[in-house]
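Here's the structure, in structure tokens; my notes come after.
The values are calculated or read from the model by the stated rules, or taken from the named source; none is laboratory data. Note that the coordinates shown come from a computational prediction; the quantities given were computed from them, not determined experimentally. Here the Cβ positions follow ideal geometry from the backbone for every residue, glycine too, while neighbour counts run over all protein chains shown.
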Amino acid sequence: MDELGGIRVWIAIIAVASVVQVLMLIGAAVVAAVAYKRATDALEVLRRTQIDPLMTRAHAALDEVHVVLDRAKAAEVDVRQTIQRTTERVKGTANRMVSTVWPVVGLGRGVWAVFAALSGRRAAMRRGIGSGVGYEGGMHHV
């Protein structure tokens with residue numbers, strides 16, 4: 001019976017150790033649950049006091065940026081259209097000016113050519129070149 005008494009003691013020790021382990025695990029679980037609850041509450045307070053106002057300001061700023069970008073895009077479209085209309089008007093004006101002025105320029109050039117031809121012929125006649133005698137080459141005239 002001595003052996004049975006020794007086995008019972010060891011079984012009792014193992015049982016007490018198991019109960020202590022279970023109680024420690026339960027205590028650790030309770031401590032972890034309390035810590036989780038506190039951390040969750042702290043994060044909720046942080047979210048309400050810091051993150052939510054920051055997000056609200058960030059969204060408002062982004063909305064303003066969108067408004068400014070939309071205005072800039074509209075202004076760019078207006079500027080492009082204005083430049084295009086101005087370019088078309090300048091081209092049209094230039095074409096009208098060229099079509100109006102070009103005949104006058106041509107007439108002026110024609111008058112100038114006639115004047116140059118007549119004055120060149122008179123000068124040649126004064127020098128004796130236009131008298132019907134032409135240069136036929138050779139060195140006898142030198």
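Taking the numbered list (1) at pLDDT 95 or above; (2) more than 30 Å from the chain's Cα centre (by Cα) in turn, residue 64 passes all entries but (2).
Here is a yes/no grid of residues against (1) part of a helix (DSSP H, G or I); (2) loosely packed, with under 10 Cβ neighbours inside 10 Å; (3) at pLDDT 95 or above:
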position	(1), (2), (3)
17	yes, no, yes
29	yes, no, yes
36	yes, no, yes
41	yes, no, yes
92	yes, no, no
95	yes, no, no
100	yes, yes, no
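Among the numbered conditions (1) loosely packed, with under 10 Cβ neighbours inside 10 Å; (2) at pLDDT 60 or above, the only one that residue 140 does not meet is (2).
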